[in-house]
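Working notes, beginning with the structure itself.
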Amino acid sequence: MVVPIIFTGLSLWLGKLLGKDEFKKGQVASIEHANNSFLPSYLGYFFVALSIGNWETLFFVYGVLFLFTYKSQALYFNPLFLLYGYDFYTIKTSAGASIFLISKEKYKTPDDVVIQRAFRINNYTFLERG
């Protein structure tokens, strides 16, 4: 369990190398908490892993799941970010774009979202590192 936690910390540290963006006051039209939206997916992967009898099949199944997740442009985040104090938010901008934000801040209203520096993971996923 220690290895994934260390690699998660490393990925957060390397996040400072990503492209930078900002969110100004008034750019966010709505915000909602997204912490629980990923849980069924990851629990499904966990239960699939419990039922696999050998390592080769396990690596094959997770390889296929990784490819499908990557190619489908699904939301990119690691549930272990929760251990580091991050929360997940779905944001709708005033321009109509839907964005996934990973942040340690506790946002409640759209007016609260003013971010000087957000690191772009992809066009619709951002990491705020304080």
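The values are calculated or read from the model by the stated rules, or taken from the named source; none is laboratory data. Note that this is a predicted model, so its numbers are computed, not measured. Reconstructed Cβ throughout: ideal geometry from the backbone, glycine too, with neighbour counts over all protein chains shown.
Just one of (1) loosely packed, with under 11 Cβ neighbours inside 10 Å; (2) within 21 Å of ILE5 (Cα to Cα); (3) at pLDDT below 85 trips up PHE81, so point out which.
Checking PHE81 against (1) loosely packed, with under 11 Cβ neighbours inside 10 Å; (2) within 21 Å of ILE5 (Cα to Cα); (3) at pLDDT below 85, the one that fails is (1).
Restricting attention to region 34-49, does a residue exist that is under 21 Å from VAL114 (Cα atoms) and modelled with pLDDT of 75 or more? So that I can check it myself, show each step before the final result.
Here is the first cut: in region 34-49, the ones under 21 Å from VAL114 (Cα atoms) are 34-35.
Among the residues that remain, those that are also modelled with pLDDT of 75 or more are: 34.
Yes, some residue in region 34-49 is under 21 Å from VAL114 (Cα atoms) and modelled with pLDDT of 75 or more.
Between residues in region 41-54 that are within 17 Å of PHE66 (Cβ to Cβ) and residues that are modelled with pLDDT of 70 or more and assigned to a helix (DSSP H, G or I), which pairs lie under 7 Å by C-beta distance while being six or more apart or on different chains?
TYR42/PRO79; TYR45/LEU65; VAL48/VAL61; ALA49/LEU58; ILE52/LEU58; ILE52/VAL61
Across region 92-104, which residue is farthest from MET1 (Cα to Cα) among those that are within 13 Å of the chain's Cα centre (by Cα) and surrounded by 15 or more Cβ atoms within 10 Å (Cβ to Cβ)? Walk me through it before giving the result.
First, pick out the residues of region 92-104 that are within 13 Å of the chain's Cα centre (by Cα): 99-104.
Checking which are surrounded by 15 or more Cβ atoms within 10 Å (Cβ to Cβ) leaves us with 99-103.
On the way: ILE99: 30, PHE100: 27, LEU101: 26, ILE102: 22, SER103: 23 Å.
Of everything passing the filter in region 92-104, ILE99 is farthest from MET1 (Cα to Cα).
Among what's in region 12-34 and is of a type in the set (Gly, Ala, Ser) and part of a strand (DSSP E or B), pick the residue that is farthest from ALA95 (Cα to Cα).
For region 12-34, the residue satisfying everything is GLY19.
Can you confirm whether GLY130 is touching a Ser or Thr at 6+ places or on another chain (Cβ under 9 Å) and at pLDDT below 80?
Values: touching a Ser or Thr at 6+ places or on another chain (Cβ under 9 Å): yes; at pLDDT below 80: yes.
Considered against the rule, which asks whether it is touching a Ser or Thr at 6+ places or on another chain (Cβ under 9 Å) and at pLDDT below 80, GLY130 comes out as yes.
Would you check which residues across region 100-130 are of a type in the set (A, V, I, L, M), in a strand (DSSP E or B) and closer than 14 Å to HIS33 by Cβ and list them?
Passing the criteria: LEU101, ILE102.
Given TYR107, TYR124, TYR89, which one is in contact (Cβ under 8 Å) with a residue 60 or more places away in the chain, among the hydroxyl-bearing types (Ser, Thr, Tyr) and either in contact with a strand residue (DSSP E or B) (Cβ under 7 Å, 6 or more places away or on another chain) or surrounded by fewer than 19 Cβ atoms within 10 Å (Cβ to Cβ) (or both)?
Checking each option against the conditions leaves just TYR107.
When you look at GLY9, is it assigned to a helix (DSSP H, G or I), modelled with pLDDT of 80 or more, more than 20 Å from LYS104 (Cβ to Cβ) and among the small types (Gly, Ala, Ser), yes or no?
no
Which of the following residues is touching a strand residue (DSSP E or B) at 6+ places or on another chain (Cβ under 9 Å), modelled with pLDDT under 80 and either under 22 Å from VAL3 (Cβ atoms) or of a type in the set (Lys, Arg) (or both): TYR70, TYR76?
TYR76
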